[in-house]
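The values are calculated or read from the model by the stated rules, or taken from the named source; none is laboratory data. Note that the structure is a prediction, hence the values are computed from the model and not measured. Here the Cβ positions follow ideal geometry from the backbone for every residue, glycine too, while neighbour counts run over all protein chains shown. These accessible areas exclude ligands, DNA and RNA; they are computed on the full protein's heavy atoms, side chains included. Shrake-Rupley method; radii C 1.70, N 1.55, O 1.52, S 1.80 Å.
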Amino acid sequence: MTAARKKQQVEEIALAELAISPDETRRKVDAGALAELAESIKQQGVQEPLLVRRVEQSYEIVAGQRRYLACKLAGLKSCPCLVREMSDAQAQEARVVSNLQREDLPPLEEAMAFSHLLLAPGADIDTVAAKLAKEPGYIMRRLKLLDAIQPVRDALLAGVIEIGHALELARQGEETQASLLEWLNVGWRREREEDPDDDDDDDDDEDDEVEDPFRMEVVVEIASPFRHRTLTSVASLRMHIGTHKLRSLGDAPFPLDAPLPPITCVDCPKRSGNSALLFDDCAKDTCTDRICLDSKLKVWVKSELEAADREKRKLLMLSSGGNAAAVSSWRVSVLKGDAACECAEEAIWIDGERMGHRVLICREESCAKHGRGRFSGGSAVKADPAKAKREREALLAKVKAEKLYREMLFTTLAKAPISLYAPSLDAEICDYAIGRANTRYPAKVAAALGWSEDFFSWKGHGERKKKLAAMMPGAMARAALLVIYSGELAVHEDNIGKPEDLERLAGLLKVDVKKVRSDAVLAGTDAKKPTEKPAAFEAKERDQKIAAQTAKDVAARIPSKASKKSAKKSVDEAAAKKARAARSRA
């Protein structure tokens, strides 16, 4: 027998002497397919021997784990094996290549296989790609799946997201991955999984770990943590990430080599420019970890403000939101190019897309170049305070009238008779819409519908379901739409607009919108009319006027040298006399 024959020969080995390698990358074995293979082995036997190697007192399976499990399921005591002398590195490579040749290899197991190949001395992406006849970019993207958080991996294994979704998620930070998975609306339940063996002692735990490898490897059907498959395409997810989660580094306010924690952008692996194979779809040099970049921007803003304080230089904080300590961008002119003026001041954005950038602003209303009183044509004029006041009052009156109209329209819609036939709307759908609608006017909505404010919180959940169950389908649909459209009760000075959703609902409910608006105008006019005064109040007011006039007349007739006491007495007597006469005539 030759030396080559001794190193490689087929033997019948007992299943008890075979063991699955701890480095096996295959993690999932379908129970149904395994049962079919076991039945075939019962009928035809094992057609291809297992590849094994001698390890101490047993044989380690290099290739053929699934056939080994099927033999156990078929009740065999032994199976044919091809015994080969192999080092650890050779066995690992053969095992990985064998798994990569499977047609049903899950992407995560493929990524694990690639990572095992990269552990070999001198191995890199290019050598592994050449050995497997794969593109280096393909290898890189599969390896990136290993950065996915566990819920993303579970979603991929459960089939509720595609490999494209998983790749886009894996390129983001952990917190971003979690938020994006919720955005994909796969019904992910963040429930805490409790270990039933938490209260067991150490001895029991050790006993539980000694299980049959057959039972450990076969995957049975278990309850999925996801309720449904995502309806969002990979292209839509990529667009959402590009709009809300990515940020170009070409416009970064700080130097990319600045020592900002946790790592400089020059060496960061999450920078698209540092990994062209993984981020070949990013045309610009982009940061894929928006949370990390935002934290760096906050540190940068703080350092810029501290530097200005040290240098005794004025640097204002500019905010596009409602930061009370900063200057609001809505009340200043942000200067661009050569638009500087004598009253220009330096500021730094502390939020928004321009966070960290320094700009010049003008806060002077009377500025000839940037003041609010100037014409849009560019000719500088002084602001007219009286005219501005009149325009402001007219605008507020218009806003008030529009608010009144919308509230009356809302109430009219809530009381309009239901004539729509809507069999598809039931209490559960309306309860979902009402309970999750973000209404800013719970008191007004509740008053219009005749409900309690608690209906819009968790407190009134039970009562809301009872109320909806007693309503007709059309009434439930109207209530849900009113809650959803209640945002149109807000009227903004900058753009009054029209309550399009409410008026469209009015058309469905046959409500005369023009009549509601005319009634609102009349109601607003009546509110401005002075109220009638009671008769007793009018009489008292008349007496006071008569007394004042009498005092003036008497004072005019009294000589200048008369004493003040005599003059006051005469005034009081005359005033009392005229008052009595006036009351008698009334």
Here the range 284-327 gives, from Cα atoms, an Rg and Dmax in Å of 13.3, 38
Computed over the range 43-192, the distribution of all Cα-Cα distances in 5 Å bins, rounded to whole %, is 2, 8, 15, 15, 14, 14, 12, 10, 7, 3, 0
With all protein chains in place and a 1.4 Å probe, Val299 shows an accessible area in Å² (nearest 10) of 60
Taking only protein heavy atoms and a 1.4 Å probe, the highest-to-lowest accessible-area order of Val334, Val521 is Val521, Val334
Sorted on mean Cβ neighbours within 10 Å (highest first), peptides 239-252, 159-172, 135-148 come out as 159-172, 135-148, 239-252
Non-local residues with an amide H under 5 Å from the amide H of Leu318, with H modelled 1.01 Å from N and Pro and chain starts lacking one, are Val327, Ile348, Trp349, Ile350
Between Lys398 and Lys515, Cβ-based FRET efficiency (R0 22 Å, step 0.05) works out to 0.65
Contact order relative to length for the range 292-370, counting C-alpha pairs under 8 Å separated by 6 or more residues, stands in percent at 29
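Given a 1.4 Å probe and every protein chain left where it sits, what share in percent of the accessible area of the range 30-117 is carbon and sulfur?
Looking at the range 30-117 in its full context, I get 45 percent from C and S.
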Flagged as over-length at 30 Å C-alpha distance, from Lys400/Lys510; Lys369/Lys498; Lys398/Lys466; Lys245/Lys398; Lys270/Lys302, the pairs are Lys369/Lys498; Lys398/Lys466; Lys245/Lys398
In cubic angstrom per residue, the convex hull of the range 49-112 built on its Cα atoms measures 102
Sorted on mean Cβ neighbours within 10 Å (highest first), peptides 12-23, 284-295 come out as 284-295, 12-23
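Taking only Cα atoms of the range 484-525, what ratio of Rg to Rh do you get with Rh as the Kirkwood inverse-distance radius?
On the way: Rg = 11.4 Å, Rh = 11.5 Å.
Over the Cα atoms of the range 484-525, Rg/Rh equals 0.99.
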In whole angstrom, the spacing between the Cα centers of the range 301-343 and the range 116-161 equals 47
